[in-house]
Amino acid sequence: MPRRDDLSGVPLLGRTVAPEGSGLVLAEWEAAGRVTDEVAWQAPMHVHHEDDEAWYVLSGTLRLRIDGEDYDVPAGSGIVGPRGVPHTFGNPGEESAKYVLVMSAKTNAMLAELHGGFSGNVAALFEKYGCSLLD
């Protein structure tokens, strides 16, 4: 079998690794630090009805709000957001936080559509991909 370039170790920051046909996607992203006293939330409160998500923090700290409880996840630690459980995440600190997100291909497709110039009804977009906005 020939080597598949989409499976090789590639620099990840700011991009995703998603081999064709895979149900999982890896993304390394950065969450800017907060500029006020409030957490710099990266997403609205939402629920994935069919898919889990997981975060592994590389630097800084992320705060996950899962089912109403806050969890501060420092560098070198990870956390899973189970399907069917309301959650959001953000950066509680002033410094940026780098993290790896493990998500389904469906969630990745939703995020690509959302951040690709989408200007329609965000709640309907979430529903299209098996999620619900809760805020």
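Since every read-out is calculated from the coordinates, none of them should be taken as a lab result. The structure displayed is predicted, hence computed values, not measured ones. Counting neighbours? That spans all protein chains shown, and the Cβs are built from the backbone with ideal geometry, glycine included.
Using the crude model of +1 on Lys and Arg Cβ and -1 on Asp and Glu Cβ, and no other charge, please compute the dipole size for the chain relative to its Cα centre, in debye to 20.
I would put it at about 400 debye.
If amide hydrogens are placed 1.01 Å from N in the peptide plane, which non-local residues have theirs closer than 5 Å to the one on GLU53?
GLY81, ARG83
Which residues' amide hydrogens lie under 5 Å from the amide hydrogen of SER77, considering only partners 5 or more residues apart or on another chain, with H built in the peptide plane?
Placed amide hydrogens put VAL57 under 5 Å from SER77.
Whole-Hz Karplus ³J(HN,Hα) for segment 36-50, in order, using 6.51 cos²θ - 1.76 cosθ + 1.60 and θ = phi - 60°, x for Gly and Pro?
Residue by residue, segment 36-50 yields 10, 7, 8, 4, 7, 5, 9, 8, x, 4, 8, 9, 9, 7, 10 Hz.
Determine ³J(HN,Hα), in whole Hz, for all residues of segment 119-133 in sequence, where each value follows from phi through the Karplus function 6.51 cos²θ - 1.76 cosθ + 1.60 and θ = phi - 60°; x replaces Gly and Pro.
9, x, 7, 5, 4, 5, 4, 4, 4, 4, 9, x, 10, 9, 6
Across segment 77-85, in residue order, what do the Karplus-derived ³J(HN,Hα) couplings come to in whole Hz, using 6.51 cos²θ - 1.76 cosθ + 1.60 with θ = phi - 60° and x for Gly and Pro?
Once θ is set to phi - 60°, the couplings for segment 77-85 become 10, x, 7, 10, x, x, 4, x, 10 Hz.
Convex hull volume of the Cα atoms in segment 13-135, per residue, in Å³? Numbers along the way, then the final one.
Details: hull volume 13.6 nm³, N = 123.
Spread over its residues, the Cα hull of segment 13-135 gives 110 Å³ apiece.
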